[in-house]
Structures are given as structure tokens and as C-alpha cells.
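Before any comments, here is the structure.
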Amino acid sequence: MMTAGSAWPPGPAGACRYLPIADHGLIGDMRSVALVGTDGTISWYCCPRFDAPSVFASILDADRGGSFELAADVPARTKQFYFPDTNVLITRFSAADGVGEIQDFMPIVGDPGEVGRHRLIRRVVCVRGTLPFRARVAPRFDYGRQPHSLSLRDGGAIFESPSLSLALTAGTPLEADGPDVWSEFKLREGECAVFALDRLGDDVTRRSCPVAEAEEQFTATVAYWRRWLSASRYRGRWREMVHRSALTLKLLTYAPTGGIVAAPTTSLPEQVGGERNWDYRYVWVRDSAFCVYALLRLGFSEEAAAFMRFLSEHVSRGDGGPSGPLQIMYGIDGRTELPEAELPHLEGHQGSAPVRIGNAAAGQLQLDVYGALIDSVYLYDRMCQPISSDLWEEVHTLVDWVCDNWDRPDEGIWETRGGRKNFVYSRLMCWVAIERAMRMAGRRGLPADTPRWQRARDAIYRQIMRYGWSDRLQAFVQHFDDDVLDASVLMMPLTKFVAPTDPKWLSTLDALGGKLVSDSLVYRYDPTTSPDGLRGQEGTFSICSFWYVEALTRAGRLDEARLAFEKMLTYANHLGLYAEEIGQTGEQLGNFPQAFTHLALISAAFNLDRALG
């Protein structure tokens with residue numbers, strides 16, 4: 001028997017405290033995602049796609065952001081885990097009189113008529129004893145800037161704002177509280193209640209979600225993720241962590257175009273209380289290209305092919321912009337305009353203002369993206385299938401541009417806002433761009449201006465060796481004309497620019513280990529010695545920590561590499577997810593989860609496994 005009551009006094013939607021960034025799980029349908037806290041609250045959700053304005057954003061402002069609360073209504077211990085080998089999230093509540101769980105997922109829809117619904121299902125089940133639950137749905141449309149109206153209908157509610165309407169189907173009675181709804185109900189062992197949130201529009205009408213339909217969609221969603229993951233070829237020591245990273249990267253893929261977002265959130269701080277808060281809901285060429293490498297390593301060729309289609313169909317290659325023929329990032333639909341703005345009405349996660357939408361770094365010159373992109377094309381051509389003649393002509397055009405422009409200062413991989421410099425990493429990746437194109441041309445007999453390309457490639461090599469090396473530090477440095485260390489040079493042996501046992505490289509590895517590494521965690525650089533135009537400090541950069549593992553592996557220092565890798569795994573959250581950075585006390589910092597971190601974990605695990613045998 002299922003009972004409903006009205007005694008629960010609903011408090012303000014933002015009365016709850018901020019959960020740490022790491023205390024969240026991720027669900028999605030490859031068009032958008034939701035963050036679900038260990039307390040059962042959905043604190044981040046954008047509809048109908050990653051970069052749409054938020055509906056729930058209490059992770060950025062507990063009072064004004066909006067949330068979907070659902071939890072046991074008695075003191076309870078909570079545990080959160082994924083249904084094995086899927087992106088279906090389970091949040092379990094254990095109390096004195098019973099055990100219950102919330103099963104959160106977004107169905108992967110094959111029916112074209114249902115794609116626009118963007119359904120989010122929350123299935124509540126009592127598995128032992130009896131347990132009371134409470135729910136409160138408090139959307140705040142357009143980052144909390146648009147008001148909405150509420151109308152209660154049979155078995156649900158409709159929230160209507162000027163730009164978006166959502167329908168809530170509920171298996172329990174709902175009551176209104178201003179523009180929000182709430183419910184209090186009790187379940188006995190074996191009983192369940194379903195909440196489903198749908199987008200409404202001209203193409204999508206209101207439809208209920210009875211218990212039987214929720215069960216069917218649960219089963220179909222589980223089957224989809226398990227079928228996808230079964231294509232993985234990885235059978236190594238860290239299978240669970242590698243597969244969780246692969247599932248996360250798949251969730252960050254925008255299915256209609258094949259673009260991969262850097263992270264599904266905006267403005268989660270790199271330092272709590274600081275200003276290093278950015279919008280990562282876009283397709284960085286660099287991040288996506290590295291994702292292609294990681295997924296190809298595991299055997300997921302369809303995702304690589306989808307990204308190649310994204311490049312061909314959605315990325316325009318003009319040559320009059322400040323960043324040359326490529327931007328460093330694009331919208332998930334390929335758009336080039338990503339104007340940056342601040343939202344002063346939101347206080348930011350734990351008071352970390354400003355909250356930003358859009359990203360002004362889109363107009364920066366970052367020469368390294370050319371190397372990352374062409375390297376991914378090279379790997380796709382070698383590991384998946386030969387690229388088309390049209391794509392080769394585009395690669396040829398890009399390499400010709402690199403040959404003319406590699407010797408320019410730029411903002412670099414870290415997107416500094418402190419002025420352009422001659423960054424060693426940017427030079428390195430220009431070398432990669434030309435070298436990989438020469439390999440493709442040579443292997444397949446493709447037309448190329450080989451003598452010109454070779455002259456440029458060799459000139460870059462000599463310049464790095466002459467000006468990128470510090471005799472005082474006995475190490476390769478961040479940029480020319482200064483003695484500043486930077487973790488990005490860890491990519492030198494990974495890209496085969498230097499041998500992993502070259503004396504200069506081994507000396508660099510020791511220098512980085514002494515200055516930028518803290519118990520296996522790696523800082524990308526020291527802002528006090530290399531000002532980046534921003535106030536405050538930051539945590540260690542997790543992708544650099546995994547690069548360090550891989551550099552140690554390739555140098556033959558396997559015991560150190562394995563220990564560093566195992567230590568890094570302890571900094572994952574309870575689900576195996578990583579944000580961008582790790583703070584001083586081990587907390588996750590920055591946007592969450594971060595594609596860059598997970599792709600680097602896959603690469604480090606793959607190469608370490610192979611070296612260990």
C-alpha cells in the first residue's frame with residue numbers, strides 16, 4: 001500500500017547546504033545531463049541540451065538556482081553507486097525502519113518522435129521495511145532569470161516559462177507551494193513511485209509515465225549502456241575505473257553532432273571563493289581530439305567517426321579570425337560565437353563569484369590545437385579507416401597555415417589572460433601537426449608539400465631545443481626567455497618529440513617532480529612565478545597528474561608510475577568521477593566531471609598496463 005500525506009512543511013527551495021562538488025553523480029542522454037547529489041537532490045540540469053540555460057542550478061546558488069529534491073523523510077545513511085556497467089544512478093537510503101533507493105536515469109530514445117521529450121525519470125523503490133519520502137520540485141528557468149507559472153493536472157504539474165515548459169508526472173499526490181510543488185509519501189517493501197520530467201513543445205505533448213513504462217525504460221536504458229560498453233577491448237588491471245571513464249566521456253558527447261563537451265557544468269570554482277570560474281559546456285578542439293585517442297584505444301571507433309563528421313560538417317575554417325583557420329572551441333552545434341557574460345544574481349558555488357556563461361577564450365590564439373586536431377585525424381586514419389580526400393585537403397590547408405604561423409606568441413594551452421608568450425607546448429604541438437601530416441602523406445602517398453613541411457618541422461625542433469631548454473634548471477620550460485616550469489611539457493615524450501629516456505628529458509622529469517609534484521599530484525605551473533592574469537591560487541591539475549604517470553611509464557620507472565597512478569585513483573569520488581583539479585585537502589575543484597581528466601586516465605592506464613605486461 002502506498003500512502004500520501006500533507007504534513008511535511010516544505011521549506012525554502014534553497015534551504016539545503018551546498019554539497020561538495022565530488023558528492024554528485026551524473027546521468028544523461030547524450031544531449032544533456034543532470035547532477036544528482038548524494039542527498040538525492042538534482043542540483044544541475046539544463047534542458048534541452050548541454051549549453052541551454054539551467055532549469056536546476058542550486059549547485060551555483062542554493063536559494064535562487066532551483067532544484068529537484070527527493071529523499072527519505074527520516075534520518076538515513078546514504079550510498080550512491082551506478083547500476084553495473086551503465087549510467088543509471090542509484091542513491092540508497094538506509095534508515096531505522098527500512099531501506100529505499102532512487103533510480104535516476106534519462107532514457108536513450110530511438111524513436112525520432114520522442115527525442116525532443118528529454119525525459120528524466122526518478123523511480124523511488126522501497127526495498128526493505130517501510131520508508132517515508134519527500135519530494136520538492138522547484139525549477140528556476142533561464143539561470144533563475146525567468147518567472148514561471150504552475151498548473152496542477154491529474155497526476156502531475158506543468159511549469160511554464162517564456163522560453164521552456166516542463167511537465168512533471170508523479171505517482172504520488174502533489175501540492176503547490178507558490179511556483180513549486182511538493183509531495184510526502186510512504187512506501188512499503190516492494191512498492192515504488194515514479195516521477196518523470198518531460199520537456200513540452202509543439203513536437204512533444206504531455207504524456208504520463210506509469211510504473212510499467214518506467215520499468216520498460218529502465219530496462220532499455222540499462223541494455224543500451226551495457227551494449228555500448230561491450231565494445232571495449234580493455235581487459236587490464238583497472239577495468240572498472242577505465243570503463244567508468246569511458247561511460248563518462250560517452251555521456252559528454254552531444255549525439256546530434258558528435259561534439260564532445262569539456263565538462264557539462266559552468267562556473268564550479270577552481271578555488272572556493274575565487275574568480276577562476278569558467279563555462280566548459282563547449283567543444284574544445286584539443287579536448288575532443290584527445291578524447292578520440294582515448295576512445296580509439298579502447299575500441300570505440302563510432303565516436304571517433306562522429307567527431308570527424310563534426311569537424312567536416314560543423315567547424316567552419318575561415319582564415320581571417322584572430323585564431324587562424326581554427327577556433328579553439330565551438331558550440332556543440334558548431335557555432336563560433338560564444339559571448340561571455342556574468343550572472344551577478346547568482347552567488348556561485350559556496351559564494352564563488354562570478355558565475356559565467358559563454359567563454360571569451362574562444363577568440364584566443366592557441367596554436368597547440370592544430371597539433372591535437374591533426375594528431376586525432378592521423379590516429380583515426382591509422383586505427384579506424386582512411387580519411388577522405390576532402391578531409392585530406394582540409395588537413396593540407398591547416399598544415400600550410402601552421403608552416404606560416406608557428407613562430408608566433410599565443411595564449412597557450414592553459415588559456416592565460418596575462419598576455420601572449422612563446423609557449424614551448426604550443427611549438428611542440430605545431431611540430432606534431434606537421435609531423436603527423438607528413439606521416440599520413442608518406443604512408444598513403446597523399447599529395448603534400450613535403451620539402452616545405454620538413455623545413456618547418458625541423459626549424460621548430462631546433463628552436464625548442466635551443467630556446468625551450470634552461471641550462472640553469474636543466475629542464476624544458478614553459479616559454480622562451482624565462483626559467484619557469486610547466487607540466488604541459490610532459491607531453492614531449494608522449495608525442496614522440498623526444499625519446500622517453502633522452503638525458504634532457506629525464507632531467508626535465510626530475511625537475512618537474514621536484515617543483516610541481518606533490519605526492520603524485522601535479523600543478524600545471526606556479527602562478528606566482530608565471531602570472532596568468534588572474535587572482536588566487538588553484539589546485540593540482542588532474543590531467544597533468546595522469547600525464548606524469550604516463551611519462552614515468554615511458555621512462556621505465558614503472559614502480560613510481562604504478563604508485564602515482566594508484567594514488568591518483570584514491571582522489572576520484574565515490575563513483576570514480578573527477579573534476580578538473582584536486583585541492584589542498586583532496587577535495588575536487590572545477591567543473592565536474594571533466595573530460596580531460598577521464599581521457600588522460602584511460603591513456604595512462606592503457607600504457608601502464610602494457611608496460612607492466
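At-a-glance table
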| item | result |
| --- | --- |
| Equivalent-ellipsoid semi-axes of the stretch 183-275, from the Cα gyration tensor, Å, largest first | 30, 23, 19 |
| Residue order for SER208, SER43 - accessible surface, 1.4 angstrom probe, largest first | SER208, SER43 |
| Over the chain, relative contact order from alpha-carbon pairs under 8 Å, at least 6 apart, % | 12 |
| MRE, 222 nm, helices only [DSSP H, n ≥ 4, -39500 (n - 2.57), over the chain, to nearest 500] | -10500 deg cm²/dmol |
| Percent accessible area from carbon and sulfur atoms, the chain, protein chains only, probe 1.4 Å | 49 |
| Relative contact order of the stretch 444-579, pairs being alpha-carbon contacts under 8 Å that are 6 or more residues apart, as % | 19 |
| Diffusion constant of the chain at 4 °C, which comes from Stokes-Einstein with the Kirkwood Cα-pair radius and 1.567 mPa s, µm²/s | 51 |
| Extension reserve of the LEU558-ARG443 stretch, reckoned as 0.36 nm per residue once the Cα distance is removed | 38.1 nm |
| Stretchable slack from ASP390 to ARG227, in nm (0.36 nm times residue separation minus alpha-carbon distance) | 55.4 nm |
| Hz values of 3J(HN,Hα) by residue in the stretch 251-261 - Karplus curve (6.51, -1.76, 1.60), Gly and Pro given as x | 5, 8, 8, 8, 4, x, 10, x, x, 10, 6 |
| At q = 0.14, 0.24 Å⁻¹, base-10 log of I(q)/I(0) for the stretch 415-494 (Debye sum, equal scatterers on each alpha carbon) | -0.53, -1.10 |
| Whole-percent pair-distance distribution, where bins are 10 Å wide, for the alpha carbons of the stretch 114-186 | 17, 46, 29, 8, 1 |
| Proximal lysine pairs, the chain, alpha carbons under 25 Å, eight or more residues apart or interchain | 10 |
| Å² per residue, accessible surface of the stretch 230-274 at 1.4 Å | 31 |
| Where trypsin sites (Lys or Arg not before Pro) fall in DSSP loop in the stretch 122-166, at most 16 other Cβ within 10 Å | ARG145 |
| Percentage, to the nearest whole number, of Cα pairs in the stretch 546-609 over 16 Å apart | 43 |
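The values are calculated or read from the model by the stated rules, or taken from the named source; none is laboratory data. Quantities reported herein were computed from a predicted structural model and do not represent experimental measurements. Note: ideal-geometry Cβ built from the backbone for every residue, glycine included; neighbour counts use all protein chains shown. Please note that ligands, DNA and RNA were not included when accessible areas were found on the heavy atoms of the full protein model with its side chains. Shrake-Rupley method; radii C 1.70, N 1.55, O 1.52, S 1.80 Å.
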